[in-house]
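What follows is a single structure, written as structure tokens, with notes after it.
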Amino acid sequence: MKAATTVGQYLIARLHAHGVRHVFGIPGDYVLSFYDQLQRSSLRLVNTCDEQGAGFAADAYARVHGLGAVCVTYCVGGLKVANTTAEAFAEKSPVVIISGAPGMRERERNPLLHHKVRDFDTQARVFQQLTVASTVLNDPQTAFQEIDRVLHAALRYKRPVYIELPRDLVDAPGNPIHRPREIHETSARHALQAALGEAVDMIQSARKPVILADVEVHRFGLQETLLKLVEKTHIPVAATILGKSVIAENHPFYLGVYEGAMGREAVRRYVESSDCLILLGVFMTDINLGIFTARLDPGRSIYATSEKLSIRYHNYEEVRFKDFLHGLAQARWRRRPLHRLPSPQPPAPFRPRRGPHRVTVRRLFECLNSFLDDHTVVVADVGDSLFGAADLFIRQRTEFLSPAYYTSMGFAVPAAIGAQLANPKLRPLVLVGDGAFQMTGMELATAARTGLNPIVIVLNNSGYGTERQMQDGPYNDLWPWQFHRIPEVLGAGRGFIVETEEQLENALREARGHTGSFCLLEVRLGQGDRSPALQRLAGRMARRI
Ligand SMILES: Cc1ncc(C[n+]2csc(CCOP(=O)(O)OP(=O)(O)O)c2C)c(N)n1
Ligand SMILES: [Mg+2]
């Protein structure tokens, strides 16, 4: 990098060095000069319909690609990505939030400049709560160092960070002798050895060890290492719903999704009867653990995450998750005899019933199961889209994205844009409820502008089905949109209306062949129809409210 660089150029160069190629956002006067720099840089700006769309797209981009970025204007834009940043924090997705802001000189004497809420630092203080590191680049002398610090935190903790860029600092030259700082943290050697020694002994002497793998295996890019460990040891693996697709689901050692009493009974029994549970990167969330119906005994567990490593009832300090998993995969293992596993059965080919057979949620997912191929990334929104998707059979790794813990509606359509830009070999299959589509579905305009071709399935059950199950009222009703006609409004894409099984199969076949633009299938479902998983979950939640 040339020594004399401006603050804005340095930020762009560091994002690029960390693999970012796309930045999502909407311009505004406080961020215009940086937009101009971005426009002339090697990063591509993708402007969305709404900032929330940009935030979700950047989150999905980060999940697929390792780091994502969103760039918005002060407060009116910034506060709109508060929710998506909260999601990225809660679900460990490294997104860089860049916000323009009034210049430092403009802030003297505290004038009432447009977009200001209470004080000039109101937005920065909000984002302190939602990120793992944040900075206001108010001093050109320290700006480069600050950029290094927060980007490092995003990559180290896989969580969002906030960078506020006052508009009069964008073109300010930074410290000319600064060199980018790469930090490689390592584990304490003896602690790592002791932890590995104890873990290997515990696993070797166990009768029935099981791995439960979750989101951090995705985030730290450890899928290959997990696979190596499984193939060397023949230890079976289950995934949580948030970690779903951590291993190809047709792998012979894959057990299925473990969700306590909510998931498949055979998987629950296998996992809970294990005498050595190896929890890798697991988030102990209520949804992951089947609304706390899971019975996982810490006295029989090895629990490794980026934040903590414990074996039975004691902890090891300074052992990095990555080093621990690599260490396990490299250890000398005695292969275990093969057990019969309750693995998920690959789906039988879908055969639509001819004639006026209305499509149900169950049949929809059966049909989608045979539709998936190795280039599909399933992006599921909240609601029955997510619960039904738990039983989908994902063939490859990292092919399932959803906000399965924070569960903010409106994720899926914009996330599909981020996911496909991050990996253009994938064609997104978006599953979204009619309620969630109302929130961010118009980002299909962004998909059209960027030449993307997701297949969007709108599960139209005339309202907030998940909520209806818990407590019904007129607040769960929606205006009956004609979703399938949205392509007419946008002047792009293809729309299909699906009421019967035959129509479903035909529409999917056409959508597969139509790769030139997005396709939207409005699937009309009965109002009371729901997936078996949703029935179980909502039943449990209703008892708690
Ligand atoms: C942003 C946001 N607002 C509200 C909720 C609460 N909520 C959870 S599910 C749901 C209904 C979802 O409706 P829809 O998208 O049509 O899916 P369905 O439940 O009908 O399958 C609501 C309102 C939420 N999770 N996220
Ligand atoms: Mg609905």
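Quick look at the numbers
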quantity: The stretch 155-212: trypsin sites (Lys or Arg not before Pro) in DSSP loop, at most 10 other beta carbons within 10 Å; calculated: Arg207
quantity: Asp119-Ile177 pseudo-label distance in nm [points 7 Å out on the Cα-to-Cβ vector]; calculated: 3.5 nm
quantity: Whole-angstrom gap from the stretch 189-267 to the stretch 159-187, using each part's C-alpha centre; calculated: 37 Å
quantity: Within the accessible area of the stretch 174-313 (1.4 Å probe), percent carbon and sulfur; calculated: 53 percent
quantity: Largest-first ordering by accessible area, 1.4 Å probe, given options Glu318, Glu399; calculated: Glu318, Glu399
quantity: Two-site FRET efficiency, Lys208 against Glu499, from Cβ-Cβ distance with R₀ of 51 Å, rounded to 0.05; calculated: 0.60
quantity: Per residue accessible area in Å² of the chain, where ligands, DNA and RNA are left out and the probe is 1.4 Å; calculated: 40 Å²
quantity: Order of exposure, largest accessible area first, which applies to Ser42, Ser93, Ser273 with probe 1.4 Å; calculated: Ser42, Ser273, Ser93
quantity: Cut-off 17 Å (backbone N to label point 7 Å along Cα→Cβ of Asp29), residues of the stretch 86-110; calculated: 100-108, 110
quantity: Label-to-label distance, nm, for residues given as Arg295 and Arg512 (7 Å Cα→Cβ offset); calculated: 4.3 nm
quantity: Length added when fully stretched, Ser273-Arg40, from 0.36 nm per residue minus Cα-Cα; calculated: 78.0 nm
quantity: Residues with amide H under 5 Å from that of Val430, placed H, sequence gap 5 or more; calculated: Val379, Ile455, Val456, Ile457
quantity: Cα gyration tensor shape of the stretch 234-281, rounded if a/c is under 1.5, else prolate or oblate by comparing a/b with b/c; calculated: rounded
quantity: Listed residues Glu467, Glu488, Glu501 arranged by accessible area, highest first, probe 1.4 Å; calculated: Glu488, Glu467, Glu501
quantity: Percent carbon-and-sulfur accessible area, the stretch 101-147, ignoring ligands, DNA and RNA, probe 1.4 Å; calculated: 46 percent
quantity: His234/Glu467 FRET efficiency (R0 60 Å; Cβ-Cβ; nearest 0.05); calculated: 0.85
quantity: Relative contact order for the stretch 158-262, counting Cα pairs under 8 Å that sit 6 or more residues apart, in percent; calculated: 21 percent
quantity: Computed E for Thr186/Glu224 - FRET, C-beta separation, R0 25 angstrom, nearest 0.05; calculated: 0.80
quantity: Shape of the stretch 1-121, Cα gyration tensor, a/c cut at 1.5; calculated: oblate
quantity: Mean ellipticity per residue at 222 nm, deg cm²/dmol - from DSSP H runs of n ≥ 4 across the chain, formula -39500 (n - 2.57); calculated: -10500 deg cm²/dmol
quantity: For peptides 319-328, 50-59, sequence by mean Cβ density within 10 Å, most packed first; calculated: 50-59, 319-328
quantity: The stretch 347-421 shape via C-alpha gyration tensor axes, a/c threshold 1.5; calculated: prolate
quantity: Under Karplus coefficients 6.51, -1.76 and 1.60, residue-wise ³J(HN,Hα) of the stretch 354-363 in Hz, glycine/proline x; calculated: 6, x, x, 8, 5, 7, 10, 4, 4, 5
quantity: Stokes-Einstein D for the chain, Kirkwood Rh over Cα pairs, 10 °C, 1.306 mPa s (µm²/s); calculated: 65 µm²/s
quantity: Normalised contact order of the chain, rounded percent, pairs of Cα under 8 Å and 6 or more residues apart; calculated: 13 percent
quantity: Cα→Cβ-extended label distance, 7 Å offset, between Arg449 and Arg362, nm; calculated: 4.4 nm
quantity: Packing-based order for 14-25, 222-233, 337-348, using average beta carbon neighbours within 10 Å, highest first; calculated: 14-25, 222-233, 337-348
quantity: Contour excess over end-to-end distance, with Cα ends at Asn47 and Val489 and 0.36 nm allotted per residue; calculated: 157.2 nm
quantity: From phi via Karplus (6.51, -1.76, 1.60), per-residue ³J(HN,Hα) for the stretch 400-406 in Hz, x at Gly/Pro; calculated: 9, 10, 6, x, 6, 10, 6
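The values are calculated or read from the model by the stated rules, or taken from the named source; none is laboratory data. The structure presented is a predicted model; accordingly, all values stated were derived computationally and were not measured. We place every Cβ from the backbone using ideal geometry, glycine too, and count neighbours over all the protein chains shown. Side chains are part of the model used for accessible areas, which takes the heavy atoms of the whole protein and leaves out ligands, DNA and RNA. Shrake-Rupley method; radii C 1.70, N 1.55, O 1.52, S 1.80 Å.
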